[in-house]
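Just below is one structure, and these are the notes that go with it.
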Amino acid sequence: MIKITLPDASIREFPQPVTVAEVAASIGAGLAKAALAGKVNGKVVDTSHLITADSPLAIITAKDPEGLDVIRHSTAHLLAYAVKELFPDAQVTIGPVIENGFFYDFSYKRPFTPEDLTAIEKKMTELASKDEPVTRRVLPRDEAVAHFKDQGEHYKAEIIASIPANEDVSLYREGQFEDLCRGPHVPSTGKLKFFKLMKLAGAYWRGDHHNEMLQRVYGTAWATKDELQQYLTMLEEAEKRDHRKLGRELDLFHIDDHAPGLVFWHPKGWTVWQGVEQYMRKVYQDNGYQEVKGPQVIDKTLWEKTGHWDKYRENMFTTESEKREYALKPMNCPGHILIFKQGIKSYRDLPLRYGEFGQCHRNEPSGGLHGIMRVRGFTQDDGHIFCTEEQILKECVDYTTLLQKVYTDFGFQNIIYKVATRPEARIGSDESWDKAEHALMESLRASGCEFEIAPGDGAFYGPKIEYTLKDAIGRQWQCGTMQVDFSMPERLDAEYVGEDGARHRPVMLHRAIVGSLERFIGILIEEHAGALPTWLAPVQVSVLNITDAQADYCREIAKTLQNQGLRVNLDLRNEKITYKIREHSMQKLPYILVVGDKEKEAGAVAVRARGNKDLGVMSLEAFAQTIASDITQKA
């Protein structure tokens with residue numbers, strides 16, 4: 001008898017080997033119809049998978065995260081199937097699942113067009129409606145290579161040829177289309193109902209620019225019609241909030257081909273930057289950090305000692321002088337250790353907290369650059385805490401509290417916490433990794449934070465907490481980090497004198513709250529759709545006259561508000577007041593003051609708030625109190 005243990009701990013017995021589909025059918029017709037795959041001994045498999053020994057089994061449906069992955073993977077195959085039906089000469093390459101969807105790369109004699117994309121999606125719907133079974137077979141590697149060569153699929157043959165000769169490979173067929181794949185896949189194409197093709201892009205074969213440029217088709221797929229529609233609505237909203245578009249419209253910054261991946265900040269954008277930086281500088285000052293500044297260019301031997309040269313060499317900008325090789329710093333950590341090492345440090349000095357607005361450079365591939373979100377030159381609100389092992393827990397708990405306060409001030413309420421544990425390629429002993437991972441998890445428990453584990457996602461020198469923001473339309477942005485590092489102080493020979501008079505290694509805590517200031521400002525722009533809160537807005541109030549008769553009074557108002565520290569724009573142009581109001585409203589200003597003869601005579605102002613809200617006429621003193629309250633409360 002074969003014993004199958006289900007998630008509720010119940011056991012079903014079968015007299016002979018049984019498939020996942022047969023187990024589902026034995027439970028009920030509804031489950032059999034909903035089944036997309038199974039999880040046997042923790043591995044997701046096709047519903048046709050034959051269970052030959054006693055095993056735990058979970059039936060995977062569209063409600064499960066694994067089920068959505070199976071849907072998306074299978075929809076990628078459906079895309080390739082449709083392309084081959086419409087364009088038989090096209091060659092298929094790879095088609096993986098990605099966040100919120102999938103893509104598939106094709107080689108074809110001409111570029112696909114938006115019209116082609118529409119036709120492909122229509123063909124996918126037609127093929128899915130046939131509800132053709134998806135079947136799996138296994139071939140020896142060389143036989144599979146020959147099979148795809150016979151079909152003219154040279155890319156598939158090349159992929160298979162890179163697999164060890166003694167291994168078998170699995171193929172999946174639906175209708176007339178067969179593809180190389182490990183699986184699993186849905187049992188039939190009829191399970192694929194809610195999808196949409198999104199865009200076209202170029203991609204080099206195997207990511208190498210020396211190879212052919214392929215055509216990448218992106219798509220999304222969901223378990224229900226409502227989920228698909230919600231996602232498409234979110235994308236529409238995201239497009240309206242795109243920081244690149246708003247950066248142009250609000251005259252904040254631009255990116256120039258003369259300096260790819262680097263930002264040219266305009267006066268308004270630099271005002272926002274300064275608002276973020278000065279806020280974070282006050283955070284440093286109020287929480288025991290000493291601000292430092294390290295050099296931009298450091299000899300490569302330092303990066304070799306820390307391990308960064310081996311890990312990040314390809315992403316480092318290098319230069320040479322007097323036969324010495326240097327690198328533009330991609331991070332600030334080693335420089336802070338060199339500062340720590342100057343002079344003798346005592347246990348009484350710990351914890352010692354350094355903070356730096358450190359400018360870093362990383363040679364990101366041009367295809368990965370994205371506005372100010374992904375750049376080659378950026379500034380971090382970087383900090384490092386040198387402490388004893390006994391101080392780790394308190395420092396991490398205090399840091400999480402501080403980070404929560406900062407995010408709240410910037411308008412973010414929803415934080416996701418993850419602990420990224422040791423990767424396979426790492427430095428340091430297992431004992432030190434055990435201590436570091438335990439400290440991070442305990443600190444989050446002590447802070448009352450629920451957290452997830454991200455296995456293997458830690459840095460090569462230590463585990464980390466990842467603090468991820470969830471924005472107004474549900475997107476997630478990983479910004480803050482806290483990393484526990486026993487290794488780098490060892491590699492760079494950092495020491496302090498303990499209470500016992502002996503030399504000890506400090507523990508190094510790497511931490512950042514906003515991370516890259518460029519990226520964080522991009523997130524802020526998109527979170528607030530360009531309508532930044534009053535305390536951060538580059539222009540906080542505009543003063544508009546109706547006729548020249550109020551010009552002098554408007555100048556007095558502007559001067560008074562400027563003397564109170566407000567950022568004021570004075571618009572005395574000879575234009576219709578409705579035109580001026582509309583123009584300033586488009587700039588998403590927090591407040592607009594309109595002044596006519598009545599306001600001038602009364603020594604007052606007519607106040608309009610963002611969102612076309614008419615707050616009526618009030619004295620200048622009353623308005624000053626209103627805007628001051630906004631700024632103080634970070635409203």
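Starting with the fewest neighbours, write out L31, L192, L117 ranked by other beta-carbon atoms found within 10 Å of each beta-carbon.
Ascending number of Cβ neighbours within 10 Å: L31, L117, L192.
Based only on other Cβ atoms within 10 Å, what is the fewest-to-most ordering of Y81, Y326?
By the 10 Å Cβ count, ascending: Y326, Y81.
Arrange the following residues from fewest to most other Cβ atoms within 10 Å of their Cβ: T301, T61.
Placing the least packed residue first, the sequence is T301, T61.
In debye to the nearest 20, how big a dipole does the chain give about its Cα centre with +1 on each Lys and Arg Cβ and -1 on each Asp and Glu Cβ?
Here the size comes out at about 940 debye.
Evaluate E = 1/(1 + (r/R0)^6) for K33 and T408, where r is the Cβ-Cβ distance and R0 equals 45 Å; express this FRET efficiency to the nearest 0.05.
Taking R0 as 45 Å, the efficiency between K33 and T408 is 0.45.
Filter the trypsin sites (Lys or Arg not before Pro) in region 556-586 down to the DSSP loop ones having no more than 14 other Cβ atoms within 10 Å, then list what survives.
Passing both the DSSP loop test and the Cβ count: R573, K576.
From zero outward in steps of 10 Å, how is the percent of C-alpha pairs of region 467-593 spread across the bins?
Pair shares across the bins are 11, 24, 19, 15, 13, 9, 6, 2.
Put +1 on the Cβ of every Lys and Arg and -1 on every Asp and Glu Cβ in the chain; which of P463, V18, A529 then has its Cα farthest towards the positive end of the dipole?
My answer, from the dipole projection, is A529.
Could you work out how far the C-alpha centroid of region 533-593 sits from that of region 58-91, in angstrom?
Taking the Cα centre of each part, region 533-593 and region 58-91 sit 55 Å apart.
What per residue convex hull volume, in Å³, do the alpha-carbon atoms of region 102-252 yield?
That works out to 159 Å³ per residue.
Within region 557-626, report the GluC sites (Glu not before Pro) that DSSP leaves as loop and that have at most 14 other Cβ atoms within 10 Å.
Answer in residue order: E575.
What fraction of the DSSP beta bridges in region 1-101 is antiparallel, stated in percent and rounded to the nearest 5?
90
Using only the alpha-carbon atoms, what does region 25-84 span along each of its principal axes? Please give whole angstrom values in decreasing order.
41, 23, 19
Note the count of lysine pairs whose C-alpha atoms are less than 25 angstrom apart in region 1-130, limited to pairs 8 or more residues apart or on different chains.
17
Among DSSP beta bridges whose residues both lie in the chain, state the antiparallel percentage, nearest 5.
85
Values quoted throughout were computed directly from the atomic coordinates according to the rules given, and no laboratory measurement underlies them. Since the model is a prediction, treat every value here as computed from it, not as a measurement. Positions of Cβ are generated from backbone atoms using ideal geometry, with glycine treated the same way; all protein chains shown enter the neighbour counts.
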